[in-house]
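Q: Structure provided below as structure tokens; questions to follow.
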Amino acid sequence: MAIPLQHAIGALPDLALIPGLGPAGLTLRRGRTHEICGPARRVLAVLALASAEGPVLWVQPGWIADRLCPAGVNDYADPGRFLFALARRPEDLLWAMEEGLRSGAAPVVVADLPAPPALTPMRRLQLAAEAGAEAARPHRRPPPLGLVLTPGEGGAAGAESRWHMTPAPAPAPRLDQARAPRLWRLERRRARTLPPAAWVVTEAPEGGFGAEPRGEAIA
């Protein structure tokens, strides 16, 4: 008997945005497309991928030198899980992401975009994620999750949620520490069922993450 799509999507818990901090409300709903913006958007995307299993399709512009370096993800995720696709034209970025989501073959599909997409392409991505959840179910794969990375303040219309992350000043390391903690300010600027919120995310020098609430995010 076929399982309704909403049951297929809801069968697994939401993906933790920060490793080990899912219960704090820092989660992404599977089977949908979310937006991550800000100067540390790629860092946040890689942290989310550390909580996922299986291959990752990462689509990025082939004409822009500023892109994710595979060696840079070693601290958080296995770079061998990443399949990088270089698009020749702006329209190919969203097309490749849509096809990747629709196939249901990869649990996470990322598009590193030079600008926020309009409402119509975002709706197509949402529909592709839903179709991918149905395609993944017979193979016992998780519903695909889409991440669009946008510069600046973002603004992808119709995203399931919007997150903004930027580096935060860190204290000097103690004498017994090899390096100082890494800090970021993380904001949930939009979500369908949750209000705006903000946290300071800390990565301890010895590993592990913490998140301290810091008032509301910028709407």
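The values are calculated or read from the model by the stated rules, or taken from the named source; none is laboratory data. In this text the structure is predicted, and so the values were computed from the model without any measurement. Don't worry about glycine lacking a Cβ; one is built from the backbone with ideal geometry, like all the others, and counts go over all protein chains shown. The accessibility values were calculated without ligands, DNA or RNA, using every heavy atom of the protein model including side chains. Shrake-Rupley method; radii C 1.70, N 1.55, O 1.52, S 1.80 Å.
Q: Using a 1.4 angstrom probe and counting only protein chains, how large is the accessible area of MET97 in Å², to 10?
A: Accessible area, nearest 10 Å²: 0 Å².
Q: What angle do you read, to the nearest 10 degrees and between 0 and 90, between the alpha-carbon axis of helix 41-50 and the longest principal axis of the chain?
A: Helix 41-50 and the main axis of the chain meet at about 70 degrees.
Q: A further question follows. For q = 0.13, 0.15 Å⁻¹, what log10 I(q)/I(0) does the stretch 92-219 give under the Debye formula with an equal point scatterer on each alpha carbon and no solvent?
A: -0.68, -0.83
Q: Taking H placed 1.01 Å from N in the peptide plane, check which residues at least 5 places from ARG214 or on another chain put their amide H under 5 Å from its amide H.
A: Placed amide hydrogens put ALA198, TRP199, VAL200 under 5 Å from ARG214.
Q: What does the helix-only formula give at 222 nm for the chain: each DSSP H stretch with n ≥ 4 adding -39500 (n - 2.57), the total divided by the residues, and the result rounded to the nearest 500 deg cm²/dmol?
A: -7000 deg cm²/dmol
Q: Still on this structure, I have one more. Could you give the angle, 0 to 90 degrees to the nearest 10, between helix 119-136's Cα long axis and the longest principal axis of the Cα atoms of the chain?
A: Once rounded, one gets 80 degrees.
Q: Arranged from highest to lowest average of other beta-carbon atoms within 10 Å per residue, in what order do the peptides 36-46, 128-138 appear?
A: Going by the mean number of other Cβ atoms within 10 Å, highest first, we get 36-46, 128-138.
Q: Quick one: helix 90-103 against the long Cα principal axis of the chain, what's the angle to the nearest 10°, folded into 0 to 90?
A: The angle comes out at about 70 degrees.
Q: Are there any trypsin sites (Lys or Arg not before Pro) in the stretch 92-177 that are in a DSSP loop and have at most 11 other Cβ atoms within 10 Å? List them by number.
A: ARG140, ARG174
Q: Protein chains only, probe 1.4 Å: how do THR27, THR120 rank by accessible area, largest first?
A: The ordering from most to least exposed comes out as THR120, THR27.
Q: For the chain, what is the accessible area per residue in Å² when the probe is 1.4 Å?
A: Result: 48 Å² per residue.
Q: Out of all DSSP beta bridges in the chain, what portion is antiparallel? Express it as a percent rounded to 5.
A: 50
Q: If you work out semi-axes √(5λ) of the Cα gyration tensor in Å from the coordinates, which of (i) 28, 19, 18; (ii) 36, 23, 21; (iii) 37, 16, 13 do you get?
A: So the structure-derived entry is (i).
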